[in-house]
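Working notes, structure below.
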Amino acid sequence: MQTVTSIQSMREWARDKRRSGASIGFVPTMGYLHDGHLSLMERARRENDFVTASIFVNPTQFGPNEDLDRYPRDLAGDSRKCSDVGVDVLFIPEAGHVYGPTHQTYVEVAKVSLPLCGAFRPGHFRGVATVVLKLFNIIGPQKAYFGTKDFQQVRVIRTMVQDLDLDVEIVPCPTVREPDGLAMSSRNAYLSENERKQAAALHQGLLQAKRLFEAREPVPTKYLDALTTRILTERAAEIDYVKFVDPETLEDLGQVKDRALAVLAVRIGKTRLIDNMLFER
Ligand code: AMP
């Protein structure tokens, strides 16, 4: 595996591969890799001639009081993991090169960026869309792999690809979970032992609501009740949002229909976690 830090070298490598007719699969990450990230890379490995992964803790997607400075890092471990799953090039650009001193252009995906995490993290999806477009322009992948744990992010990226006529296929991938159901996340490393136990309530709450759905519970309020009640039994839990939304538009459904996405963002102590589950008949 090659590690590339220069944007120019990355661009040249990718251009060379594309000219030879080879396909490139791309997995953007912020590093501190876990099995969720690796599942994306493994899928990219199966579906493409070459695989590029990036590690870039993108400053423009963090708010002023968020965890940019303490975001966990382990470049040596990440590099080993990428190499083990067959990544060809690990791209680790420097923030000062990605955003030069004169940088002033941003991508705004107007509607789907607004609700849910967009409402709690103003500017977050603008930063995400901007850096993903930049990485697409540098690498020019045929396919790019994203986890549906970050459901709104996938909606934002897909909308950008459609609206700006980008020639890349977005491949959404399922959420990889810990044995107790907690969605894997680099931010889980912030949790104390006690908080880590409480964090399992997010997935358990989603499962409880799903059981009601499968039993065709007729009282609409019971779904949200079951989900929030389970989460709030944990002392460290504070809810940012818990909702049932339309999986395409992300608009609040008010109640569960035949197709609904349960979405949540919950703070366990100081750590903000997100998760979701699709309910579908
Ligand atoms: P991040 O490093 O958190 O920016 O995540 C990089 C990519 O990995 C994003 O597309 C995430 O949605 C995806 N990802 C993060 N956690 C998981 C998980 N538990 N399962 C599957 N994909 C994930």
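Give the residues of the stretch 238-281 whose amide nitrogen is closer than 14 Å to a point set 7 Å from the Cα of A119 in the direction of its Cβ. Only 239-246, 250-255, 263-266 pass the distance filter.
When only Cα pairs below 8 angstrom with a gap of at least 6 residues are kept, the chain shows a relative contact order of 17 percent.
For the stretch 168-212, would you read off the P(r) tail past 14 Å as a percentage of all alpha carbon pairs?
I get 58 percent for the Cα pairs in the stretch 168-212 exceeding 14 Å.
Sparsely packed loop sites in the stretch 40-130 (the GluC sites (Glu not before Pro) outside DSSP H, G, I, E and B with at most 12 other Cβ atoms within 10 Å) comprise E94, E108.
For the stretch 137-217, the fraction of C-alpha pairs farther apart than 22 angstrom is 46 percent. Reported value for the stretch 1-69: 112 Å³ per residue, from the convex hull of its C-alpha atoms. Taking packing as the residue-averaged number of other Cβ atoms within 10 angstrom, the listed peptides 177-185, 214-222, 260-268 run from highest to lowest as 260-268, 177-185, 214-222. Of all complete DSSP H helices in the chain, those with a Cα span along the helix axis of 15 Å or greater and a mean Kyte-Doolittle hydropathy of 0.5 or more are 124-139. Once the chain from R73 to N194 is taken as fully extended at 0.36 nm per residue, the excess over their C-alpha distance is 41.3 nm.
For labels at K270 and D180 in the simple 7 Å Cα→Cβ model, what's the distance in nm? Reported label-point gap for K270 and D180 is 2.1 nm.
For the stretch 25-96, the set of trypsin sites (Lys or Arg not before Pro) satisfying both a DSSP loop assignment and a count of at most 12 other C-beta atoms within 10 Å is given as R70. Among the listed pairs K143/K222; K111/K149; K81/K210; K197/K243, a Cα-Cα separation exceeding 30 Å is found for K143/K222; K81/K210. Dividing the convex hull volume of the alpha carbon atoms of the stretch 47-127 by its residue count gives 153 Å³ per residue. Values of log10 I(q)/I(0) for the chain across q = 0.07 Å⁻¹ run -0.26, by the Debye formula with one identical scatterer at each alpha carbon and no solvent.
In plain terms, the C-alpha convex hull of the stretch 80-157 casts an average shadow of 6.6 nm² when viewed from every direction.
Readers should treat all values here as calculations from the given coordinates under stated rules, not as data from a laboratory. Bear in mind that the values here come from a model prediction, so they are computed numbers and not experimental data. So basically every Cβ, Gly included, is an ideal-geometry build from the backbone, and we count neighbours across all protein chains shown.
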